[in-house]
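To start, the structure itself, in structure tokens.
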Amino acid sequence: MNIVYGFGGMRSDGDRLSFQPSLPERWNEYSFQVMYEGVLLRILVNKTSVTLTAIKGGGSIDIIVYGQSITVDASGTTLPLGERMLAR
């Protein structure tokens, strides 16, 4: 859970699930999965991007990443790693 809430920046206390991922400087990547509203999401964070994919469950889901509303489905969505999000 330290990775999910800490480095993944996951918050579930708003209207929608949100993420603000960062990556420790010495790590190459990490990933985790969370079930939300019947959809299993896979989040992969590397040195340049964040990829979110709905890998199980119904269709698509609306979430927030770096304050931006996005829809994630089985085809996946890739966003650049947020500015200054390499943790030192």
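The values are calculated or read from the model by the stated rules, or taken from the named source; none is laboratory data. Since this is a predicted model, take the numbers as computed values, not measurements. Neighbour counts run over all protein chains shown; Cβ positions are idealised from the backbone, glycine included. Ligands, DNA and RNA are stripped out before the accessible areas are found, and what is left, the full protein with its side chains, is counted by its heavy atoms. Shrake-Rupley method; radii C 1.70, N 1.55, O 1.52, S 1.80 Å.
Some observations on this one:
- For the range 29-76, the set of residues classified as over 21 Å from Tyr5 (Cβ atoms), in contact with a Ser or Thr (Cβ under 8 Å, 6 or more places away or on another chain) and surrounded by 13 or more Cβ atoms within 10 Å (Cβ to Cβ) consists of Ser60, Asp73, Gly76, listed by residue number.
- Cβ-Cβ under 6 Å pairs, at least 6 apart or on other chains, the range 28-56 side closer than 11 Å to Gly8 by Cβ, far side of a type outside the set (A, V, I, L, M, F, W, C) and part of a loop (DSSP other than H, G, I, E, B): Val45/Pro21; Val50/Pro21
- Every condition in (1) open to solvent by 80 Å² or more (accessible area, probe 1.4 Å); (2) within 9 Å of the chain's Cα centre (by Cα) is met by Pro21 except one, and the failing one is (1).
- If you filter the range 1-16 down to residues that are modelled with pLDDT under 95 and closer than 15 Å to Val72 by Cβ, you find that the one that is most open to solvent (accessible area, probe 1.4 Å) is Arg16.
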